[in-house]
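Colleague: Below: one structure in structure tokens.
FYI, it's all coordinate maths here, none of it is from the lab. Not measured: the values here are computed from a predicted model. Backbone-built Cβ (ideal geometry, glycine too); neighbour counts: all protein chains shown.
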Amino acid sequence: MNQNEMIKNIFDDFQLLKEFKVDIKVKKKMLKELLEAGPNPWRVVGITPKALALFEKHKFKKVKDLKIQRAHIKDRDIWYGELFNKKWEDSNSWYKFIHENDQTVLALSSENKNINEIDYLKFDKNITNLFCSKRITWTHQAEEIKFLKELYQSVGTGPKFRELIEKAQN
């Protein structure tokens, strides 16, 4: 099944979910599971300076008990509600909305709840095949390690990075 067919199938299932008689909270939990079946949910679009610095300490590997999470930029409860309240004309506009809202930043677990108050490093928009979702985690192999190393080498020792670290510590 190609990506367009997958999106169409999930959209059709979403339309059925909208008609369920259960409470909206239950529908939102079901929606979370449904969207995780789609292409690259919880898309990583950036990283906080503290998370990048922690990765550097561990040679950019995702080691056991590393306190880095994917923090949602936009509150899922809010945009899930918008998904349910809007009448969608087609699966393309529906998925475009999801793609624009289901964005995450690699962050320390302590940064997760206030991610919107943190200056994070934004990834190039063309980076779409890294840190792909695997349910509650993400892929982290040679490509991701190489990317983080190169990112750190380009910003990790510069004044902007040090400024962001200092700002995050205050």
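Colleague: Go through the range 20-47 residue by residue and tally those that are buried (at least 20 other Cβ atoms within 10 Å of the Cβ) and assigned to a loop (DSSP other than H, G, I, E, B).
Modeller: 1
Colleague: So, one more: I'd like the full set of residues that are closer than 14 Å to T48 by Cβ, assigned to a loop (DSSP other than H, G, I, E, B) and out of contact with any Pro (no Cβ under 8 Å at 6 or more places or on another chain), limited to the range 91-130.
Modeller: Answer for the range 91-130, where residues must be closer than 14 Å to T48 by Cβ, assigned to a loop (DSSP other than H, G, I, E, B) and out of contact with any Pro (no Cβ under 8 Å at 6 or more places or on another chain): I118, F123.
Colleague: For residues that are assigned to a strand (DSSP E or B) and either surrounded by fewer than 16 Cβ atoms within 10 Å (Cβ to Cβ) or of a type in the set (S, T, N, Q) (or both), tally how many sit in the range 49-90.
Modeller: Residues meeting the conditions: 1.
Colleague: Right, next: Give me the pairs: first residue in the range 66-85 and touching a residue at least 60 places away in the same chain (Cβ under 8 Å) and within 20 Å of R135 (Cα to Cα), second residue outside any strand (DSSP E or B) and not charged (D, E, K, R), beta-carbon distance under 6 Å, and six or more apart or on different chains, which are they?
Modeller: Partner pairs satisfying both residue conditions: R70/W42.
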